[in-house]
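To start, the structure under review is shown below, and the notes come after it.
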Amino acid sequence: MREITLSQAVNEAIAEEMRRDPTVFLLGEDVAEAGTPFKVLSGLVEEFGTQRVIDTPISEPGFMGLAVGAAMTGARPIVDLMFGDFIFLVMDQLCNQAAKIHYMSGGKLNVPLVLRTNMGATRRSAAQHSQSLQALVAHIPGLKVAMPSSAYEAKGLMKTAIRDNNPVVIFEDKLMYQDKAPVPEEEYLIPFGVANIKREGTDITLIATSSMVQVAEKAAELLAAEGISAEVIDPRTIVPLDEATLLESVRKTSRAIVIDEGHQSYGITAEIASRLNEKAFYHLDAPVLRMGAMDVPVPFSPALEDVTVPTPEGVAANARKLCAGELIHAA
Amino acid sequence: MSPAKKTNSADYLRMYRQMVRIRTFEDNANQLYLSAKMPGLTHMYSGEEAVAVGICEALTDDDRITSTHRGHGHCVAKGADFKQMFCELLGKAEGYCRGKGGSMHIADQSHGNLGANAIVGGSMGIATGSALRAKLMGQDDVTVCFFGDGATAQGLLYEVMNMAALWKLPVIYACENNGYSEYTKTEEIAAGSITARAEAFGIEAHRIDGQDVLAVNELTQKLVARCRKGEGPFFIELETYRYHGHHVGDINRAYYRSKDEEKDWKENRDPIIRFRSWLVEQGIASEEEIEAMNAEVEKDAAEAVAYAEAAPYPDVSEVDMHVYAA
């Protein structure tokens with residue numbers, strides 16, 4: 001199978017859906033000729049024109065609001081938010097408007113839009129261009145949240161998002177844009193709420209999102225060398241969450257670590273760990289562990305930034321302790 | 001007011017009726033609140049009827065509006081039905097939003113009302129986005145964005161007016177300046193001129209007497225026709241007055257506005273009294289015909305209130321319906 005980058009995968013998904021459905025359009029800062037700073041959208045304006053690939057002023061709440069109104073009245077906008085950190089700027093339009101309109105109208109109005117943005121630290125971009133804010137939006141009923149972990153997922157999830165009749169937020173890991181993965185030439189979609197078992201194992205389950213999937217896979221390699229068999233699961237969408245697949249795995253392995261690049265406190269990892277505790281408690285041989293980013297603003301200095309995010313070695317070390325029955329935290 | 005054009009009698013009478021329907025709706029809503037039959041809180045549109053009716057009578061069902069927390073008037077003016085509105089205010093299953101929205105979120109998709117909004121200025125992006133959709137999809141409908149003077153302090157307005165002007169979108173920004181931003185005089189929250197702000201983006205702006213339904217309607221008709229030809233956006237500041245407080249519980253308001261001021265607006269500038277006198281002077285309707293129309297509207301409202309009071313609440317099983325669309 002051919003291999004393409006995550007960036008090309010996103011581009012292909014959007015182009016295919018724009019060809020299929022004339023109501024799909026893109027808007028955001030420097031999405032047209034510039035193709036975004038990450039060049040993810042290069043070439044789209046040449047094919048679809050400036051009517052459907054719209055460069056906006058630097059007005060995030062404004063163009064997010066425009067997308068909500070366009071979506072409510074029959075279009076399918078894709079909003080490009082240059083950095084995930086800017087999600088704070090669009091919170092009212094996203095969480096008070098888009099997320100609630102279907103419900104507040106008793107099901108009469110739909111808001112079929114996609115907000116594509118990014119996440120991920122260790123790019124030396126400091127505190128306002130490095131955050132992973134998926135927990136913020138996952139907390140709000142009415143929004144769906146997708147977190148592709150490779151080019152394959154990025155394409156299939158994007159196509160599903162564009163066809164969904166709800167507001168969907170997609171967080172792409174900005175460090176993975178140039179990472180290649182096998183992506184079929186023929187069309188495919190990845191349904192929401194279906195986790196992917198990346199690697200089967202019997203001793204411990206590593207549940208990881210987006211950028212952390214490759215961290216978990218590398219940790220599994222390290223553990224395998226020591227005779228520990230780790231299962232790696234990528235939920236692919238946080239909302240909806242494929243709880244059944246996660247529970248089934250944990251009932252089998254009886255141990256789990258949940259890894260996500262958002263801040264550890266009050267995060268995605270806490271939510272998933274808590275569901276495992278509630279629903280698989282009697283199958284557990286060890287506490288479910290959370291591994292998120294440290295609860296500090298992302299620092300600039302490489303020496304500091306690198307210690308804020310989970311690493312394969314860190315995940316493997318924790319997995320080793322859980323499997324050995326060691327207590328991670330002193331009582 | 002300008003002289004009547006004979007062929008427009010039916011339009012004039014419908015405008016009058018719609019204004020009376022709004023006032024009557026609000027009188028009943030206020031009573032429901034005061035008698036503790038209505039949950040939550042609400043914001044009365046009474047006094048501003050000529051704005052909603054003058055504008056909405058220049059629109060078709062395909063044209064969209066976005067509304068505000070003070071939104072009952074826009075909803076009625078855009079063609080909504082009393083029974084479904086009162087049901088919504090009381091949280092009943094037959095309400096426009098199945099009781100999930102209430103007074104501050106009434107939406108009536110069938111008549112192009114994209115909904116009231118409880119965030120001041122929250123619908124400016126939605127209205128402008130609706131206009132962007134019309135342009136992109138080659139549709140000729142126009143969107144009117146209603147908002148108050150208080151909302152002119154929100155930054156979103158300037159972001160979306162900039163884009164609407166850049167892209168010549170078919171949207172009309174209708175600023176209902178009722179003199180008060182909640183409990184504060186507008187002059188204390190708005191520096192400079194409100195229309196000049198729109199003009200700074202190259203948007204043609206008008207300031208008009210919002211108590212004169214004919215003037216509002218004539219201007220809106222012209223601007224809507226020009227929007228359909230691609231000459232939008234436009235901005236209208238409508239000088240008006242809210243008879244009640246900011247919300248129904250805002251009773252003692254002498255600290256921010258005087259009783260004399262309220263009396264002056266009610267007695268000398270009331271949009272319904274003014275238009276009624278004009279209809280009689282012009283020979284379009286007799287006093288008896290007008291009284292009969294008023295009585296009919298009152299009867300409709302009373303029946304709708306009784307219907308809504310007796311109507312069932314949604315089944316609790318509906319609580320998690322409509323979080324996500326299928």
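Key figures for this structure:
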read-out	value
GNM top mover of B:Ala196, B:Ala302, B:Ala36 - chain B, alpha-carbon springs below 10 Å	B:Ala36
Calculated log₁₀ intensity ratio I(q)/I(0) where the Debye formula runs over C-alpha points of region A:196-324, q = 0.20 Å⁻¹	-1.10
Per-peptide average of other Cβ atoms within 10 Å, ordering A:25-38, B:258-271, B:153-166, A:74-87 highest first	A:74-87, B:153-166, A:25-38, B:258-271
Percent RCO, i.e. relative contact order, over region A:196-324, from Cα pairs under 8 Å lying at least 6 residues apart	29
Percentage relative contact order, region A:74-201, counting C-alpha pairs under 8 Å, at least six apart	28
Sum of side-chain charges, A:Lys159 neighbourhood, beta-carbon under 15 Å (Lys, Arg +1; Asp, Glu -1)	-2
In nm, spacing of pseudo-spin labels at B:Leu166 and B:Lys263 (7 Å Cα→C-beta vector)	5.3
Choice from B:Thr186, B:Thr68, B:Thr143 showing the highest fluctuation, given a GNM over chain B with Cα pairs closer than 10 Å	B:Thr186
Sequence of A:Val40, B:Val213, B:Val224 once ranked by neighbouring C-beta atoms within 10 Å, starting from the fewest	B:Val224, A:Val40, B:Val213
Cα-based radius of gyration of chain B once divided by 2.2 N^0.38 Å, which approximates compact folds	0.97
Compactness index (Cα Rg / 2.2 N^0.38 Å), region B:273-326	2.05
Percent antiparallel among DSSP beta bridges (both partners in the protein assembly as shown, rounded to 5)	15
Share antiparallel - DSSP beta bridges, region B:6-310, percent rounded to 5	10
Vicinal HN-Hα couplings computed from phi for region B:188-196 (Karplus, 6.51 cos²θ - 1.76 cosθ + 1.60; Hz; Gly/Pro x)	7, 10, 10, 7, x, 9, 6, 5, 4
Residue-averaged beta-carbon neighbours from other chains (10 angstrom radius) around A:56-63	6
Summed residue charge, Cβ within 10 Å of A:Glu29's Cβ, Lys/Arg positive, Asp/Glu negative	-4
Cβ-defined net charge surrounding A:Met291, 13 Å radius [Lys, Arg +1; Asp, Glu -1]	-2
Region A:284-331-region A:70-126 distance, computed between alpha-carbon centres (Å)	31
Length-normalised contact order for chain A - Cα pairs under 8 Å, 6+ apart - percent	16
Residues A:Arg124, B:Arg133, sorted so that the one with the fewest Cβ neighbours within 10 Å comes first	A:Arg124, B:Arg133
Highest-first arrangement of A:62-69, A:43-50, B:14-21, where packing means the average Cβ count within 10 Å	A:62-69, B:14-21, A:43-50
Unit charges on C-beta of K, R, D, E only; dipole of region B:6-310, Debye	800
Residue among B:Ile55, B:Ile251, B:Ile189 with the largest mean-square fluctuation in a Gaussian network model of chain B, springs linking Cα atoms under 10 Å	B:Ile251
Proximal lysines relative to A:Lys279, as straight alpha-carbon distance under 19 Å, when same-chain residues fewer than 8 apart are discounted	A:Lys252
Dmax and Rg, reported as Rg then Dmax, of the protein assembly as shown (C-alpha, Å)	28.3, 98
Of the DSSP H helices in chain B, those whose Cα atoms cover at least 30 Å axially and whose Kyte score averages -0.5 or more	B:287-310
Kirkwood Rh, Cα atoms: Rg over Rh of region B:32-125	0.95
Candidate lysines for bridging to B:Lys229, where Cα separation is under 20 Å - those fewer than 8 sequence places away on the same chain excluded	B:Lys135, B:Lys168
Hits among aspartates and glutamates - C-alpha to C-alpha of A:Lys108 under 19 Å, sequence gap 8 or more where chains match	A:Asp164, B:Asp61, B:Asp62, B:Asp63, B:Asp81, B:Glu88, B:Glu94, B:Asp108, B:Asp315, B:Glu318, B:Asp320
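Read the figures in this text as sums done on the coordinates, not as results from a lab. All values derive from a computational prediction rather than experimental measurement. Cβ sites come from the backbone with ideal geometry, for glycine too, and all protein chains shown count toward neighbours.
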